[in-house]
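Novice: Starting off with a structure, shown below.
The values are calculated or read from the model by the stated rules, or taken from the named source; none is laboratory data. Small disclaimer: the values here were computed from a predicted structure and weren't measured. A quick note on method: Cβ atoms are made from the backbone with ideal geometry, for glycine too, and the neighbour counts reach across all protein chains shown.
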Amino acid sequence: MSLELKGITKSFGSLLANDSIDLSVGDGEILAILGENGAGKSTLMNIVYGLLQPDAGEIRVNGQLVSINEPSDALAAGIGMVHQHFMLIPVFTVLENIVLGHEATSKLGKLDLTSARAKLLALAKDFGFVIDPDALVESLPVGVQQRVEILKALMYDAKVLILDEPTAVLTPQETDELLEVIRRLRTQGTSIIFISHKLREVKAIANRISVIRRGKVVGSAEPSASQEELASLMVGRPVNLAPDKTPHTIGEVILHVKDLTISDATGRALVKDVSFDVRGGEVLAIAGVQGNGQSELAQSIINLEPHVVGSMTLEGRELVGMSVHQSLHEGIAFIPESRELDGLISSFSIADNLILDTHREKPYAKGITLSPREVFAEAEVKAKEFDIRAQSIKDPASSLSGGNKQKVVLARELSRPVKLLVASQPTRGLDVGSIEFVHERILAERDAGRAVLLFSTELDEVLALADRIAVMYAGKILAIVDSGVTREKLGLLMAGVVE
Amino acid sequence: MKNLIAMKSFTATQRRQTWLHIVLFIIALFELKAFGFGNPANAKTTFGFTLAKEWVLIHTWIIGSATGSYLFSIIALIAAVVAITLIALKKRAGLATAVTGLALMMGFLCWAAAGKFIPLTGMLQGSLLLAVPLVFGSMSGLLSERSGVINIAIEGQLLAGAFASGVVASLTHKSALGLLVAPLAGALISLLLATFAIKFSVDQVILGFVLNVLVIGLTDFLYKKLLIPYQTTWNSGPSFSRIEIPLIGKLPIIGPIFFNQTLIVYLMYLIVVIITYSLFKTKWGLRTRAVGEHPTAADSVGIDVNKLRFRNVLIAGLVSGLGGAYFTIGSTGSFSKEMTSGAGFIALAALIFGKWTPMGAVSAALLFGFADNLQGTLSIIGVSIPSEFMLMVPYIATIIAVSGLVGRVRAPKADGIHYSRGGSH
């Protein structure tokens with residue numbers, strides 16, 4: 001089946017999210033759509049799937065004009081979608097999720113799951129998936145949940161399958177398996193639209209690549225194009241994918257963590273007996289698939305976690321048991337995982353966000369009042385130094401782009417005397433330009449002799465920045481390896497495999 | 001003591017349940033000391049089991065007041081220890097908990113009614129009656145909240161149902177007509193709730209609260225201007241009488257409690273059964289739960305989220321409106337000012353206590369009804385506890401039960417969150 005988009009245009013207020021986009025995917029073809037976050041990829045796909053209505057443009061299936069006003073229209077036209085955030089109900093079983101929206105009933109309106117069950121099992125067998133139809137979705141690993149999503153689309157005869165950032169939540173191994181599944185779907189005649197900003201995967205899977213930038217299709221490329229070529233097409237200027245890393249000079253141990261265990265409110269251990277050191281002038285990256293205890297470990301360093309047992313010393317001073325305020329003033333800079341939720345107060349101005357940590361100190365505080373002049377003066381300086389692009393520093397932080405928000409967080413955290421920088425997923429969701437900036441700042445801290453603890457789920461980032469890599473799996477540090485490690489070895493460790 | 005020491009390795013649930021049973025154990029000890037040994041030695045407590053013309057299994061049971069308290073508090077002590085042991089072994093302790101609670105209650109009654117007569121069956125029958133509006137209210141809340149719309153307006157819906165059915169029955173002299181308009185009155189409030197909450201995305205809690213105030217104000221006004229001055233035409237309606245179900249209505253104890261009730265109570269049984277079945281076994285139920293948990297996912301498979309929510313809120317109004325009829329044509333026939341007196345809010349508590357499940361909510365409503373009725377019965381037979389304290393009993397029981405048994409409850413994930421497409425932008 002072929003799908004053709006012509007002149008799709010969509011704006012939200014003054015923002016033109018899709019500007020007259022033309023795209024097509026043919027029978028049994030894999031089209032990759034490459035673009036940065038905010039380029040308009042998801043908007044486009046939500047239009048194709050009927051979740052949004054375009055302002056202009058048309059959609060053709062097998063040459064026939066179709067009007068898609070509802071997801072049900074898309075399903076009827078043979079278009080299925082695997083969303084970036086799964087459209088599965090965690091407290092339902094696999095089978096319940098599959099039948100939702102297509103329920104068969106017997107007498108007294110009773111749900112009849114027998115035929116759906118048979119069809120699901122047959123389909124799963126075709127693909128060699130092992131799926132328990134009665135398992136609760138929330139109890140399944142993310143990779144399996146994604147398979148449920150794919151099966152859900154196939155159950156209702158999707159001939160065009162849209163996959164929106166499908167590898168964002170997967171381990172490298174799961175990613176490989178997914179790519180294999182996609183290839184098998186293609187051989188069965190399913191057309192695939194694969195949306196991603198990950199160059200490596202796009203090159204590995206696509207028949208054709210279309211690049212979207214600021215709502216426009218800016219070009220197409222063959223999968224044989226180099227990563228640098230693709231990246232510059234995506235960003236619109238030459239980019240340097242591998243930051244320049246100078247050889248480092250290792251200093252003294254700055255952070256010493258010993259037998260640290262972190263539990264949740266029910267007493268379940270999320271981080272188990274973790275020990276490691278970070279020295280001045282090195283980047284220790286904690287790699288791992290999301291949800292293996294990294295978030296808790298990162299938060300515990302500034303004492304944001306309530307149930308911590310063990311020891312953590314910064315230049316010999318015990319951190320465990322300190323208040324957050326004290327920990328920060330011991331010389332820790334902290335870049336939280338979610339800048340929107342934990343890094344900034346979105347409704348506060350940029351200037352106010354820059355003094356969240358120091359508002360009670362001179363010169364910002366005078367007695368019990370704040371001194372706006374000092375606050376604004378300081379903000380102007382910081383905005384220049386960290387290249388924060390805003391109309392005014394009095395604008396709310398929510399008006400900034402992701403990259404500029406992260407620059408505000410960096411500017412604030414690096415203004416204190418720093419011995420240790422803890423950066424948790426510092427480039428998640430950022431555009432390539434901002435990623436470059438953040439990476440440069442992190443390496444600058446390292447080169448200045450500070451200790452850097454980097455938490456990242458992105459393999460490329462870990463390999464680009466780290467001097468040593470600790471891999472976390474199920475709350476434990478499986479191994480600490482040198483940065484010369486191969487991707488394959490690292491991928492296996494992230495999946496919990498130790499040779 | 002060993003269990004206490006081992007508590008370090010317990011999960012939060014185990015810890016909480018253990019503490020609850022330790023509290024129950026201490027209450028039982030207190031009961032043993034104060035009621036068992038500190039009771040007039042020769043006073044007797046009489047429990048009555050017959051109400052009307054049902055078959056008689058046992059008429060009355062007379063037990064020495066001290067003996068009874070002594071006996072039951074020892075049973076409670078043993079059951080509490082059994083429960084703690086079961087919890088430590090990670091086994092289900094529900095039965096042991098129930099026995100503990102029941103024995104504590106009986107021990108208390110033996111003491112409280114020393115030298116007096118307690119109509120036990122009558123008390124349970126009354127408990128069921130007091131639970132009726134709570135059950136209707138919590139079912140209404142369930143229908144609405146399971147689909148993701150918070151229904152604080154239950155109180156207003158009950159009151160509107162009570163007012164409408166009372167007035168219509170009084171004007172037409174037909175209680176059946178009153179029964180017909182009650183759900184419509186509730187649905188009218190729901191229509192306002194649904195329109196503003198779903199169509200105009202007004203905050204659901206504030207909206208529900210405002211609707212309650214509106215109904216209270218409106219009914220107060222009409223009561224003063226119409227129902228009092230023209231009482232004979234406007235506020236002296238007929239009411240339903242009890243109907244005994246043949247055969248099962250004659251069963252000892254159970255018969256009079258459950259099967260010699262008014263039409264409204266039988267309707268309540270029916271509604272609870274239908275809702276339980278529909279929520280877990282039908283297409284509508286699956287979609288309702290889906291929409292209440294993850295509306296975007298439901299939308300992505302072609303379910304019209306807001307339409308389903310709108311419909312569910314309307315049905316919820318029908319149910320609580322019907323429940324409102326209990327206050328007027330289900331009992332005396334006449335309406336009085338603010339006669340629901342917070343039942344809608346207690347119904348909401350029952351819903352939460354029952355973890356948003358039909359059976360849980362019904363059990364909670366029955367428990368609240370019992371606590372409420374116990375208080376009434378004891379003050380009627382003249383127990384030497386200040387009535388203010390007795391009035392607290394239902395609420396204290398609720399707090400102990402909720403904190404000890406239920407712990408952290410999980411509401412439908414999208415409860416109270418307005419849904420619109422592309423809301424993530």
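Novice: Residue check, B:Ala325 against (1) surrounded by fewer than 19 Cβ atoms within 10 Å (Cβ to Cβ); (2) at pLDDT 90 or above, all met but one. Which one?
Specialist: (1)
Novice: Also, I was wondering about something else. Among the candidates A:Leu178, A:Leu170, which residue alone is part of a helix (DSSP H, G or I) and among the aliphatic types (A, V, I, L, M)?
Specialist: After ruling out the rest, the residue left standing is A:Leu178.
Novice: Take the residues of segment B:375-425 that are away from chain A (no Cβ under 14 Å) and assigned to a loop (DSSP other than H, G, I, E, B): which is modelled with the lowest pLDDT?
Specialist: B:Ser384
Novice: Now for a different question. Residue by residue through segment A:262-290, note down the ones that are touching a helix residue (DSSP H, G or I) at 6+ places or on another chain (Cβ under 8 Å) and of a type in the set (A, V, I, L, M).
Specialist: Matches in segment A:262-290: A:Ile262, A:Ala265, A:Leu270, A:Val271, A:Val274, A:Val283, A:Ala285, A:Ile286, A:Ala287, A:Val289.
Novice: Based on what the data block shows, is A:Lys152 among the charged types (D, E, K, R) and more than 27 Å from A:Ala77 (Cα to Cα)?
Specialist: no
Novice: Quick one: in segment A:467-499, which of the residues that are of a type in the set (Gly, Ala, Ser) and part of a loop (DSSP other than H, G, I, E, B) is surrounded by the fewest Cβ atoms within 10 Å (Cβ to Cβ)?
Specialist: The selected residue is A:Gly484.
Novice: While we're on this one: Which pairs do you get when a residue that is closer than 17 Å to B:Cys110 by Cβ, found in segment B:44-61, comes within reach of a residue that is charged (D, E, K, R) and assigned to a loop (DSSP other than H, G, I, E, B), reach meaning Cβ atoms under 8 angstrom, with the pair 6+ apart or on two chains?
Specialist: B:Thr45/B:Lys116; B:Thr46/B:Lys116
Novice: Now for a separate question. Of all the helices (runs of 4 or more DSSP H) wholly in segment B:92-174, which have at least 1 residues that are within 24 Å of B:Ser69 (Cα to Cα) and under 17 Å from the mean Cα position of the chain (by Cα)?
Specialist: Helices (runs of 4 or more DSSP H) meeting the threshold: B:120-145.
Novice: Do you know which residues across segment A:30-48 are assigned to a loop (DSSP other than H, G, I, E, B), surrounded by fewer than 23 Cβ atoms within 10 Å (Cβ to Cβ) and more than 16 Å from the chain's Cα centre (by Cα)?
Specialist: Scanning segment A:30-48 gives no hits.
Novice: Related question: Determine whether A:Phe334 is under 27 Å from the mean Cα position of the chain (by Cα) and surrounded by fewer than 21 Cβ atoms within 10 Å (Cβ to Cβ).
Specialist: Answer is no for this residue.
Novice: Which of the helices (runs of 4 or more DSSP H) found entirely inside segment B:255-326 contain at least 1 residues meeting this: among the polar types (S, T, N, Q) and either touching a Pro at 6+ places or on another chain (Cβ under 8 Å) or away from chain A (no Cβ under 14 Å) (or both)?
Specialist: B:263-281, B:295-300, B:305-324
Novice: Go through segment A:139-167 residue by residue and tally those that are in a loop (DSSP other than H, G, I, E, B) and acidic (Asp, Glu).
Specialist: Qualifying residue count for the region: 2.
Novice: Related question: Residues in segment A:349-365: is at least one surrounded by 15 or more Cβ atoms within 10 Å (Cβ to Cβ), touching a residue at least 24 places away in the same chain (Cβ under 8 Å), in contact with a His (Cβ under 9 Å, 6 or more places away or on another chain) and farther than 20 Å from A:Val418 by Cα?
Specialist: The answer is no, given that none of the residues of segment A:349-365 is surrounded by 15 or more Cβ atoms within 10 Å (Cβ to Cβ), touching a residue at least 24 places away in the same chain (Cβ under 8 Å), in contact with a His (Cβ under 9 Å, 6 or more places away or on another chain) and farther than 20 Å from A:Val418 by Cα.
Novice: If I filter segment B:3-51 down to residues being modelled with pLDDT under 75, surrounded by 14 or more Cβ atoms within 10 Å (Cβ to Cβ) and more than 14 Å from chain A (Cβ to nearest Cβ), which single residue comes out as farthest from A:Ser263 (Cα to Cα)?
Specialist: B:Leu51
Novice: When you go through B:Leu159, B:Leu104 one by one, which is the residue that is touching a residue at least 40 places away in the same chain (Cβ under 8 Å), over 30 Å from B:Lys53 (Cα atoms) and either touching a Cys at 6+ places or on another chain (Cβ under 6 Å) or not assigned by TED's automatic domain parsing to the domain that holds B:Phe240 (or both)?
Specialist: B:Leu104
Novice: Here's a follow-up. Just give me the residues in segment A:1-15 being part of a strand (DSSP E or B) and within 14 Å of chain B (Cβ to nearest Cβ), in sequence order.
Specialist: A:Lys10, A:Ser11, A:Phe12, A:Leu15
Novice: A further question on this structure: Give the residues of segment A:139-159 that are without any contact (Cβ under 8 Å) to a residue 40 or more places away in the chain and within 14 Å of chain B (Cβ to nearest Cβ), sorted by residue number.
Specialist: None - no residue of segment A:139-159 is without any contact (Cβ under 8 Å) to a residue 40 or more places away in the chain and within 14 Å of chain B (Cβ to nearest Cβ), so the list stays empty.
Residues checked against (1) modelled with pLDDT of 90 or more; (2) over 30 Å from A:Thr187 (Cα atoms); (3) in a helix (DSSP H, G or I):
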residue	(1), (2), (3)
A:Ile209	yes, no, no
A:Ile212	yes, no, no
A:Leu230	no, no, yes
A:Val239	no, yes, no
A:Asp244	no, yes, no
A:Leu255	yes, yes, no
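Novice: Can you list residue pairs whose Cβ atoms sit under 8 Å apart, with the first residue in segment B:288-313 being free of Cβ contacts under 8 Å to residues at least 12 places away in the same chain and within 23 Å of B:Phe196 (Cβ to Cβ) and the second being assigned to a loop (DSSP other than H, G, I, E, B) and aliphatic (A, V, I, L, M)? Count only pairs 6 or more apart in sequence or on different chains.
Specialist: Partner pairs satisfying both residue conditions: B:Ala298/A:Ile89; B:Ala298/A:Leu100.
Novice: Still on this model: Taking A:Ile21, is it at pLDDT 90 or above and under 30 Å from A:Arg200 (Cβ atoms)?
Specialist: The answer is yes for A:Ile21.
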